[in-house]
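The values are calculated or read from the model by the stated rules, or taken from the named source; none is laboratory data. As the structure is a computational prediction, the values presented were derived from the model and not from experiment. Neighbour counts run over all protein chains shown; Cβ positions are idealised from the backbone, glycine included. Quick note on the areas: whole protein, heavy atoms, side chains included, nothing else; ligands and nucleic acids left out. Shrake-Rupley method; radii C 1.70, N 1.55, O 1.52, S 1.80 Å.
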Amino acid sequence: MKKYLTIKVIAQCVAVLLCCMLPERGACQTGEKTVAALIEMGFENVGWTEDDSERVYVLQNSAYRLQGVGLGKAVDIIQKMGLPERKPCRIVVLDNNVPQISLTYNPIIADTVPEASRRDWNVSYEVDGTWKKVRHVRRENSSLFKIDVMVYPELSLKNLVITQIYQVLFNLSPAVEVSLWKGMKLTAQMVIPVYNDGYGSVAGKVHPGFLTLQQTVRVPYNIWITGTAGWFNGSRYGADLAVKHVLKADERFSFEGRVGLTATYQWDGFRLNYGTSTRWTWELGANFYWPRYNFQSSVKVAQYLLGEKGVRFDFIRHFRYASIGFYAMKAEGAKTNGGFRFQIALPPYKYKRRGYIPRVQPSPNMGLAYNAGNERYYYRGYRANPSDNIMEDNSFNPYFIKSELLNY
């Protein structure tokens, strides 16, 4: 009789233990299946974790050219695979393994709606508390050491000859881009002239373009720091440091600063001519984003390559497939200048890697800036990376991502 009671008690304890473990096992299966589904879609650096307060996924969109579209697809998959009951679900979005934004779903306990929708997700730059939970989580389908060959189309126009409407230079400039470690990217570009009418013999030769190492880190209080060294555009080489800060109290407002120490160079084919006289350049700016119209306004004070100091205003409207804006600038000793600029997304809009085979594709977008004042001497600067443009700068804006989720 005592032996029978002992066996019965043990069986009851085992049954209670199994009942307690079933929800955890179910959550584990849901998380692992969701990670597998996201990897199948082409997302990289995918992982997940869960505790008593929330479930968190971490991912990097490497499959869709437009971040809003790609993150919308990720939300659909996570909702389809199953959200946790009675606690939040978060998605931390990475770029080159550096956290950018988070998407959060908070369930309403009394809500009678059986399924969540895209509009139920909030988007924010805030990731500090959640990032501590997932920064050491094992991630699948790593992006490290995978090679992208981005082909950048470059079009330049100038109207300086009375008898000719425009002089034209069109290049195709493939760039090898590879992530070496968290936040670090190597870019090596070759410029291949396709059509040269009026830009001189030097511009008509195949020559190197950007050759840079770029490191980005995120620190607390919504601050990103990016350091770049190498060969830039604008015939400049040297080092560049950029800092961006988004206000935690109101994410519509952001501030940025940049400082560079560069010297001049010129490629004559594969012959390099370079100078050793360096110039300091810097800029400080403030930005405001109007979510209703995805409209961005900014003001910057800067010191340009000739040492002149000036102020610049930008007004940009962002759409899914394009960013269009106007600018105006005034510097000491120079006449007022301005114009318009635009950037358009290039197809294909979805692409996947095949393991570590190099992926060849057009650049995510291309654009032009129109110099209405025909100023060729003052206001000169440089870009530290071929992907540095108004559309890429806005790609992780939480308000823009939210509008894409709502308008899909």
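Structure notes:
- Cβ-Cβ under 8 Å pairs, at least 6 apart or on other chains, the stretch 75-88 side of a type in the set (A, V, I, L, M), far side open to solvent by 40 Å² or more (accessible area, probe 1.4 Å): 81/33
- Tabulated pairs, the stretch 178-196, first within 14 Å of residue 387 (Cα to Cα), second of a type in the set (D, E, K, R) and in a strand (DSSP E or B), C-beta under 8 angstrom, 6+ apart or interchain: 178/148; 178/185; 185/177; 186/177; 187/177
- From the list 376, 353, the one residue that fits, being open to solvent by 30 Å² or more (accessible area, probe 1.4 Å), on the phi < 0 side of the Ramachandran plot and in contact (Cβ under 8 Å) with a residue 60 or more places away in the chain, is 353.
- Of all residues in the stretch 237-281, those satisfying the criterion of being more than 16 Å from residue 212 (Cα to Cα), assigned to a strand (DSSP E or B) and among the hydroxyl-bearing types (Ser, Thr, Tyr) are 254, 274, 281.
- In the stretch 128-138, of all residues being open to solvent by less than 60 Å² (accessible area, probe 1.4 Å) and without any contact (Cβ under 8 Å) to a residue 60 or more places away in the chain, the one that is nearest to residue 210 (Cα to Cα) corresponds to 131.
- Scanning the stretch 350-377 for residues that are over 21 Å from residue 142 (Cβ atoms), hydroxyl-bearing (Ser, Thr, Tyr) and at pLDDT below 95 yields 370, 377.
- Selected residue (criterion: nearest to residue 125 (Cα to Cα)) from residues of the stretch 237-271 that are surrounded by 13 or more Cβ atoms within 10 Å (Cβ to Cβ) and of a type in the set (Phe, Trp, Tyr): 253
- The residues listed here are 122, 61; of these, the one that is surrounded by fewer than 19 Cβ atoms within 10 Å (Cβ to Cβ) and either aliphatic (A, V, I, L, M) or under 30 Å from residue 244 (Cβ atoms) (or both) is 122.
- Any hit, the stretch 323-332, residues being in contact with a helix residue (DSSP H, G or I) (Cβ under 7 Å, 6 or more places away or on another chain) and at pLDDT 95 or above: yes
- Any hit, the stretch 272-283, residues being out of contact with any Pro (no Cβ under 9 Å at 6 or more places or on another chain), open to solvent by less than 70 Å² (accessible area, probe 1.4 Å) and farther than 20 Å from residue 380 by Cβ: no
- Residue that is surrounded by the most Cβ atoms within 10 Å (Cβ to Cβ) [pool: residues in the stretch 225-236 that are out of contact with any Lys or Arg (no Cβ under 9 Å at 6 or more places or on another chain) and under 16 Å from residue 190 (Cα atoms)]: 231
- Candidate set from the stretch 356-373 (those that are surrounded by 15 or more Cβ atoms within 10 Å (Cβ to Cβ) and farther than 30 Å from residue 178 by Cα); member that is farthest from the chain's Cα centre (by Cα): 373
- The conditions of being farther than 22 Å from residue 363 by Cβ and in contact with a strand residue (DSSP E or B) (Cβ under 9 Å, 6 or more places away or on another chain) are not met by residue 155.
- Scope the stretch 55-73; condition closer than 21 Å to residue 135 by Cα and in contact with a strand residue (DSSP E or B) (Cβ under 6 Å, 6 or more places away or on another chain); matching residues: 55, 56, 57, 58, 59, 60, 62
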